[in-house]
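**Student:** One structure is given below, represented as structure tokens, and several questions about it will come after.
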2 protein chains.
Amino acid sequence: MKILHHPDKADIQLSSVLYALSDPVRLFILAELRRSGERTCGDIDVPVVKSTLSHHARTLREAGVVSVRVHGTQRFLSIRTEDLESRFPGLLTSVMNAYEHSGEPMIINAE
Amino acid sequence: MKILHHPDKADIQLSSVLYALSDPVRLFILAELRRSGERTCGDIDVPVVKSTLSHHARTLREAGVVSVRVHGTQRFLSIRTEDLESRFPGLLTSVMNAYEHSGEPMIINAE
């Protein structure tokens with residue numbers, strides 16, 4: 001089974017987390033994961049091509065925001081809620097509340 | 001007097017604000033502004049060249065995070081606290097608390 005690199009909790013940097021959260025598609029993905037817990041990439045209903053979704057998943061993983069578990073051809077994404085809460089208490093909740101209430105449009109950039 | 005463009009409160013986008021906050025130097029600038037209110041660029045003690053500081057000030061202004069007032073050759077920066085609080089209640093406080101407690105190093109990227 002392929003193991004993907006995830007930063008240790010202590011190495012999660014605020015600026016990297018904020019960068020990972022600074023994209024409408026990634027905010028949408030996180031909102032979906034918060035609603036439903038673990039999801040495969042294929043189960044997340046975003047109108048982007050698979051390679052773009054993989055890119056977003058990687059950005060979120062490398063920043064320490066999500067955990068990606070590879071099983072066969074599927075990748076299961078979940079938010080590293082405990083690690084984020086331990087590093088930056090209240091931050092994710094605050095950002096996601098802002099997202100839910102802001103009506104931010106999911107502008108799709110061709111990547 | 002030169003007037004710089006600032007987005008209207010209603011046009012401030014969450015993803016743009018998070019992007020503006022996703023840099024250690026910009027987080028440091030905001031921490032300084034929170035401590036002391038309005039400051040000129042020259043009064044902010046960051047080890048970056050003037051053009052880099054201007055670039056950061058512009059990123060923060062265009063995202064709607066800071067207001068920049070031009071007076072003669074000086075630019076006075078202040079956080080748009082009321083506008084941000086109205087758009088995204090608690091967000092800035094949450095991010096800045098995370099910054100103050102995270103010990104994020106101010107890594108300087110040559111730009």
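**Student:** Examine segment A:84-100 for a residue that is part of a helix (DSSP H, G or I) and away from chain B (no Cβ under 13 Å), and state whether such a residue exists.
**Tutor:** No, that holds for no residue.
**Student:** In the set A:Arg69, A:Arg61, which member is under 24 Å from B:Leu27 (Cα atoms) and touching a strand residue (DSSP E or B) at 6+ places or on another chain (Cβ under 7 Å)? Lay out the reasoning, then the answer.
**Tutor:** Values: A:Arg69 fails: under 24 Å from B:Leu27 (Cα atoms).
Answer to the check: A:Arg61.
**Student:** With the condition kept exactly as written, say whether any residue in segment A:43-54 is within 28 Å of B:Ala63 (Cα to Cα), in contact with a Phe, Trp or Tyr (Cβ under 8 Å, 6 or more places away or on another chain), within 14 Å of chain B (Cβ to nearest Cβ) and not in a strand (DSSP E or B).
**Tutor:** No.
**Student:** Suppose we filter A:Ile3, A:Ile44, A:Ile79, A:Ile12 for residues that are in contact with a Lys or Arg (Cβ under 6 Å, 6 or more places away or on another chain) and β-branched (Val, Ile, Thr); which single one remains?
**Tutor:** Going through A:Ile3, A:Ile44, A:Ile79, A:Ile12 in turn, the sole match is A:Ile12.
**Student:** In addition: For segment B:25-42, how many residues are closer than 23 Å to B:Glu82 by Cα, in contact (Cβ under 8 Å) with a residue 24 or more places away in the chain and either within 11 Å of chain A (Cβ to nearest Cβ) or not in a loop (DSSP other than H, G, I, E, B) (or both)?
**Tutor:** Looking only at that region, the number is 12.
Here, each number is a calculation from the coordinates, and none is a lab measurement. Not measured: the values here are computed from a predicted model. Every residue, glycine as well, gets a Cβ built from its backbone with ideal geometry; the counts of neighbours run over all protein chains shown.
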